[in-house]
Amino acid sequence: MTLKRFRSAAVAAVSAILGVAAYTGLAPVPGGTASHREAPLISLDPAADITDFFMFRSYEPGKDDKVVMIMNVFPGGEPSSGPNYLTFDQNVLYAFYVDNDMDGKANDVRFEFRFKSEVRGLVDQFDLFVSYLGCGPRDLPCATPLPPITALDGPGSEGLGLRQKYTVAMVRNGHREQLGEGLIAVPSNVGPSTTPTYDSLADQGVYTLDSGIRTFAGQRSDPFYIDLGAVFDTLNLRRLPPLLTPAEDANDDVNPFGIDSIGTFNVQTIALEVPASLLTVDGMGPDETESSKLGSYAATSRPKVTVLRVPKSEDDDRGDVESGKWVQVQRLANPLINETIIGTEDKDFWNALRPQKEEAFLDYYLNPRLALALQLIFGVPAETTGRQDLVDLLLKYQAADEQLSELLRLDISVAPTALAAQRRMTVLATPADPAGWPNGRRPRDDVLDIAVRVVGGPNYVAARAGDGVNRNFRPLSGEFPFLATPQNGRDRVHENPAP
Amino acid sequence: MGAALKIGGAGMVAAAVFVVGAVRPVTPIRRDAVPSLTSGLSARAGAGSTAARIASLQDGLRAQPSDWRAAAALGLAYVNQARITADPRSYPRAEEVLRLSLSLRRENVEALAGMGFLALARHDFRAALAWGRRVVSTNPHGVAGYGVLGDALVELGRYREGFRAFQRMADIHPGLLAYARASYARELQGDVPGAIGLMRMAEEAAGSPEDAAWADFELGELFWSIGRLQEAEASYRRAIGRAPLFVAPLAGLARVSWARGRLNEAIRRYRRVVARFPAPEHVAALGDLYALTGRHALAEDQFALVSAEQALFQANGVNVDLELALFDADHGRPREALRSARGAWADRKSIHAADALAWALYRNGRSREAALFARRALALGTRNALFHFHAAMIEVRLGHEDRARALLSEALRTNPNFSIIHSPEARRAIAGLEAPA
């Protein structure tokens, strides 16, 4: 056969392939074939990816008998793409686990969240490939009047096409109790036309359940604040050491030199407020309990599936893929452990294990790579080996403990600090604010600066090391669910360095 | 500041800052400390499109050319890009940066897995198996190695070992990667409802529009394979809505048009597919449609193009034996078909290779031998309608009418539209069998 027989289009097609081969000098390949599945090899799992876990005694006025737990998933949610992708996963079990008897095993109380999606309202009616619809106030009014989304259910919810409902269950002393069902997750803040009254919409997503428990699920602004751009650029901070001046370090309201590259994005939040007495081993409140120290973590799990087909009977061709068991996909207790302590090659392994197996990763704590990195970049000696202090701080309730468990530890007998009085450097601040990380963790706590100084050692404390971001991009709230309202997709801004 | 460091009620002293004694000199440190720190934080950056990820990784690598992790990640992103857009120009780029990564750091899991993934994409399954073993022995707790290993074993027809690797993957880290593979395993075993359920879980777990689109397309293929046209069409449409550059679902829609008897629409759609990427399977389908509508000159042009493309791939060291065998068998080149099919069978003992060899033998009039391989093609329990059709025609030739009738009706019941050229043939054959002798 010869190329001459081809018509021009066919010739062009072949030359395109030839051109590629000639240009690169390497083999072209067929683009997919029926006989080979070509599944991807790497894939992010944002719906199960926990960015942060917070646990603190409530600092909302009149609520100091409550403990709040918050987990955020879906890192880096770009506000403008919220409607399409930012939802909870129906196959993920989202849960908080609590240890209340200091044995290092967070199996005493747990709270489980499961989500279900439905397509409904106008979107379903018109069979549209969108999640949300609404014509609120806008310069160019819609030709067809579509009510904006102002309610999670009933009138005003017609445009809420993709709606997620969830259940909350508590498992305590082996006893399982359904706390709530049919609860509705707050959708993304789409924009002024679709979700014009977003704050009130989000308020509708705060549910009060039996036993004085409150819950919220939905979009919030990412409370983590960090100059990620500078950190990625080989810790190329925007100022040379000694970094923050004493005055800057003491001012929690101004970013002295960093850019909060995370705070302009959104996350999916699950927040739970429970009476402390439901968590303590003796059932007493924060000021009465004899056992005020709690350890906890958040985790996401996915169903265990079986690859081999097990036919139940001759005419049973239904897929029997789920075994009813769960596999833990990710866990999070203290911040930055997964990111800066555990080595990349061990992350899957680490995430799959329960916190009480932390001994397997002891070397990472004793010889923290973050300390090495700091020393390498800044030339300022850091404590790189033999860090028993970190082991004691992060893996134990007290130095004498033999059980090593990576849990976020909260002593609920410590009085909460009102939001306005909270100090980002917590125990390192002057005066100290003892109600923040590593005593639990609040959204306000500057865990990056604290971690850099604690892991770096005295030279980094003296240098007031930090990324120059001292506050969250969006103001935090002093009330449940405490995190800031997410930016809306249409009018969102991202922060850039001053020219 | 010493006293201030006592952590109040928790009673924990942040001794971290104090146990450190005098300032010590800087000691030599591991060179990978910084990249591993920053890559650890990369999950914070969130999910973007593959194109955006490639751009940012390119920037990163330019700024820090010795960052072996960034090089490996870029290599993987390139392979992913090629897989999604059906544009192979990313494969050579992938190999270049993956080898760069391995030269910067030997036995690094990311680049080893990337090389395995690349070998899979290029149908070099033996090489992929070797890379997969290296990944698993370097990091037995990671999920990627079992993916490469399982994919290679399954393509080589070593199903038991392959499925075991997939199960390990699902046990370590369930998610899109494991669900998609479990889905394929179920499909191969004939459990299409199970495969659909798992692929739905994969779609839900997708971390990017492209991954979700890929899962949607595969869902479409699964629905198509059991004749559920409407659900197939909806899945293809969803895939296109999510990743407009992804060509494969458009070919799926073209097939749906054909199945509904809208031949001109099918041809129009296939022409758009072929204009964007002339993958041999799409060009061949367009040719079949031209032939079906009596435009034989146009059809011949497409078939010639397919052969030229296949030759070009082979000349560049890409293994297309299996694809070539089936194409040649159905387009008047039985001897070439048999040669390719034997090559494919020598390379891998998969049910696909068995089916191709059976069909090539049949086309060469060697039905008794063909029947042995046709049985092997069906041994795993697959419901693949084309395999059943192939086996049926061989049985017809051998005079086994009952078995032929059962296989034909199974093929047509599973998917009445399994092949542009063979579906009508299957209907004719079954009518012929049912006619009184």
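Please determine, by comparing only the residues of the range B:400-417 that are of a type in the set (Asp, Glu) and more than 27 Å from the chain's Cα centre (by Cα), which one is surrounded by the fewest Cβ atoms within 10 Å (Cβ to Cβ).
Going through the qualifying residues, I end up with B:402.
Just one of the listed residues (A:264, A:234, A:245, A:269) is surrounded by 17 or more Cβ atoms within 10 Å (Cβ to Cβ) and more than 15 Å from the chain's Cα centre (by Cα), and it is A:234.
Picking from B:274, B:247, B:283, which residue would you name as being at the interface with chain A (Cβ under 9 Å from one of its Cβ atoms), touching a Lys or Arg at 6+ places or on another chain (Cβ under 6 Å) and touching a residue at least 12 places away in the same chain (Cβ under 8 Å)? Among B:274, B:247, B:283, only B:247 is at the interface with chain A (Cβ under 9 Å from one of its Cβ atoms), touching a Lys or Arg at 6+ places or on another chain (Cβ under 6 Å) and touching a residue at least 12 places away in the same chain (Cβ under 8 Å).
This table checks each residue for (1) small (Gly, Ala, Ser); (2) crowded, with 20+ Cβ neighbours inside 10 Å; (3) farther than 30 Å from residue A:368 by Cα; (4) modelled with pLDDT under 90.
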{"position": "A:459", "(1), (2), (3), (4)": "no, yes, no, no"}
{"position": "A:465", "(1), (2), (3), (4)": "yes, yes, no, no"}
{"position": "A:470", "(1), (2), (3), (4)": "no, yes, no, no"}
{"position": "A:475", "(1), (2), (3), (4)": "no, no, yes, no"}
{"position": "A:483", "(1), (2), (3), (4)": "no, yes, yes, no"}
{"position": "A:487", "(1), (2), (3), (4)": "no, yes, yes, no"}
{"position": "A:493", "(1), (2), (3), (4)": "no, no, yes, yes"}
{"position": "A:496", "(1), (2), (3), (4)": "no, no, yes, yes"}
{"position": "A:499", "(1), (2), (3), (4)": "no, no, yes, yes"}
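Could you tell me whether any residue of the range A:146-155 is closer than 26 Å to residue A:49 by Cβ, out of contact with any Phe, Trp or Tyr (no Cβ under 6 Å at 6 or more places or on another chain) and in contact (Cβ under 8 Å) with a residue 40 or more places away in the chain? Show your work before the answer.
Restricting attention to the range A:146-155, the residues satisfying the condition of being closer than 26 Å to residue A:49 by Cβ are A:152.
Okay, now just the ones that are also out of contact with any Phe, Trp or Tyr (no Cβ under 6 Å at 6 or more places or on another chain), so A:152.
Adding the requirement that they be in contact (Cβ under 8 Å) with a residue 40 or more places away in the chain leaves A:152.
Checked the range A:146-155: at least one residue is closer than 26 Å to residue A:49 by Cβ, out of contact with any Phe, Trp or Tyr (no Cβ under 6 Å at 6 or more places or on another chain) and in contact (Cβ under 8 Å) with a residue 40 or more places away in the chain.
Among helices (runs of 4 or more DSSP H) entirely within the range A:215-281, having at least 3 residues that are at pLDDT below 85 and closer than 12 Å to residue A:467 by Cβ singles out A:228-232.
Quick check on the range A:406-435: of everything there that is among the hydroxyl-bearing types (Ser, Thr, Tyr) and more than 28 Å from residue A:366 (Cα to Cα), which residue is farthest from the chain's Cα centre (by Cα)?
Step one: list which residues in the range A:406-435 are among the hydroxyl-bearing types (Ser, Thr, Tyr), which gives A:413, A:417, A:426, A:430.
Still in the running and more than 28 Å from residue A:366 (Cα to Cα): A:413, A:417, A:430.
Working: A:413: 27, A:417: 24, A:430: 30 Å.
The extreme case among them is A:430.
Residues in the range A:212-232 that are within 16 Å of residue A:54 (Cβ to Cβ), β-branched (Val, Ile, Thr) and more than 11 Å from chain B (Cβ to nearest Cβ): A:215 only.
Residue-by-condition table, conditions (1) outside any helix (DSSP H, G or I); (2) within 25 Å of the chain's Cα centre (by Cα):
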site: A:327; (1), (2): yes, yes
site: A:349; (1), (2): no, yes
site: A:371; (1), (2): no, yes
site: A:375; (1), (2): no, no
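Restricting attention to the range B:162-169, does a residue exist that is facing chain A (nearest Cβ under 7 Å) and under 20 Å from residue A:91 (Cβ atoms)? Yes, because at least one residue in the range B:162-169 is facing chain A (nearest Cβ under 7 Å) and under 20 Å from residue A:91 (Cβ atoms). Please determine, by comparing only the residues of the range B:208-236 that are surrounded by fewer than 24 Cβ atoms within 10 Å (Cβ to Cβ) and in contact (Cβ under 8 Å) with a residue 40 or more places away in the chain, which one is farthest from the other protein chains (Cβ to nearest Cβ). Checked the range B:208-236; the qualifying residue farthest from the other protein chains (Cβ to nearest Cβ) is B:229. Can you name every one of the strands (runs of 3 or more DSSP E) wholly within the range A:88-182 that holds 1 or more residues which are surrounded by fewer than 19 Cβ atoms within 10 Å (Cβ to Cβ) and either at pLDDT below 95 or out of contact with any His (no Cβ under 8 Å at 6 or more places or on another chain) (or both)? Once the strands (runs of 3 or more DSSP E) in the range A:88-182 are filtered for at least 1 residues that are surrounded by fewer than 19 Cβ atoms within 10 Å (Cβ to Cβ) and either at pLDDT below 95 or out of contact with any His (no Cβ under 8 Å at 6 or more places or on another chain) (or both), what remains is A:109-119, A:162-172.
A search for C-beta distances below 6 Å between a residue of the range A:401-423 that is more than 10 Å from residue A:104 (Cα to Cα) and at pLDDT below 95 and any residue that is in a helix (DSSP H, G or I) and among the basic types (Lys, Arg), counting only pairs 6+ apart in sequence or on different chains, returns nothing.
In the range B:89-184, counting only helices (runs of 4 or more DSSP H) that sit wholly within it, the ones holding 1 or more residues that are free of Cβ contacts under 8 Å to residues at least 12 places away in the same chain and under 30 Å from residue A:301 (Cβ atoms) span B:125-138, B:159-172.
Restricting to the range B:287-298, count the residues that are within 16 Å of residue B:273 (Cβ to Cβ) and either touching a residue at least 40 places away in the same chain (Cβ under 8 Å) or under 29 Å from the mean Cα position of the chain (by Cα) (or both).
Quick first cut of the range B:287-298, residues within 16 Å of residue B:273 (Cβ to Cβ) only: B:287-290, B:298.
After this cut, where a residue has to be either touching a residue at least 40 places away in the same chain (Cβ under 8 Å) or under 29 Å from the mean Cα position of the chain (by Cα) (or both) as well, the list is B:287-290.
Residues flagged as within 16 Å of residue B:273 (Cβ to Cβ) and either touching a residue at least 40 places away in the same chain (Cβ under 8 Å) or under 29 Å from the mean Cα position of the chain (by Cα) (or both) within the range B:287-298 amount to 4.
Would you check which residues across the range B:315-359 are among the aliphatic types (A, V, I, L, M), closer than 20 Å to residue B:287 by Cβ and either buried (at least 24 other Cβ atoms within 10 Å of the Cβ) or more than 9 Å from chain A (Cβ to nearest Cβ) (or both) and list them? Write out each step before concluding.
Pass one, the range B:315-359, residues among the aliphatic types (A, V, I, L, M): B:315, B:318, B:320, B:322, B:324-326, B:329, B:337-338, B:341, B:344, B:346, B:351, B:353-354, B:356-358.
Subset that is closer than 20 Å to residue B:287 by Cβ: B:320, B:322, B:324-326, B:329, B:337, B:356.
Of everything in the range B:315-359, those that are among the aliphatic types (A, V, I, L, M), closer than 20 Å to residue B:287 by Cβ and either buried (at least 24 other Cβ atoms within 10 Å of the Cβ) or more than 9 Å from chain A (Cβ to nearest Cβ) (or both) turn out to be B:322, B:324, B:325, B:326, B:329, B:337, B:356.
The values are calculated or read from the model by the stated rules, or taken from the named source; none is laboratory data. Everything numeric here is computed off the predicted structure, so don't read it as measured data. For neighbour counting, all protein chains shown are included, and Cβ atoms are generated from backbone atoms with ideal geometry for every residue, glycine included.
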